[in-house]
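One structure below.
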Amino acid sequence: MTGYRSDVPENWFVDPVNLGVPGVRRAEPDEESTLSWQTDALCSQTDPEAFFPEKGGSTRDAKRICSSCDVRGECLEYALNNDERFGIWGGLSERERRKLKRSAG
Ligand code: SF4
């Protein structure tokens, strides 16, 4: 009996990456990503004390900084979701956030 085997599949060399390799999964979004906005927090480049004024202290400086912050929306949402009690978040004081929550039902 001579000749070559003819039953070798033509695609035996197919790239395993294209076929999908067990154990290699797409990265899942990690929990840290919920805080990723903090990288762009403008207040982290300024005086954090302005954001936690003494009782009755001025919140004007902090609010001014918030008003030009890129992540103001994320920041406010985070504060509302986490019931942050103290300080200025997303341009709103503690009292203003409480008011907002009440009006949002
Ligand atoms: S909105 Fe204000 S408190 Fe929030 S990250 Fe920006 S500067 Fe900081």
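By count of other Cβ within 10 Å, fewest leading, how are 7, 83, 40 ordered?
Lowest to highest Cβ neighbour count: 7, 83, 40.
For region 34-104, the gyration tensor built on C-alpha atoms gives an oblate shape. Its axis ratio a/c (a ≥ b ≥ c) is at least 1.5, and a/b is not larger than b/c.
Loop-resident GluC sites (Glu not before Pro) (DSSP state other than H, G, I, E or B) in region 35-101 with no more than 13 further Cβ atoms inside 10 Å of their Cβ: 54. Sorted ascending by nearby beta carbons within 10 Å, beginning with the fewest, 86, 52 become 86, 52.
The label-point distance for residue 102 and residue 83, in a model that sets each label 7 Å from Cα toward Cβ, rounds to 1.7 nm.
Looking at the square roots a ≥ b ≥ c of the eigenvalues of the Cα gyration tensor of region 41-82, which shape do they give, rounded for a/c under 1.5, prolate if a/b is larger than b/c, or oblate? Oblate is the answer for region 41-82, as a/c is 1.5 or above yet b/c matches or exceeds a/b.
Every number here is computed from the coordinates shown, using simple stated rules; none is lab data. In this text the structure is predicted, and so the values were computed from the model without any measurement. Cβ: placed from backbone, ideal geometry, glycine included. Neighbour counts: every protein chain shown.
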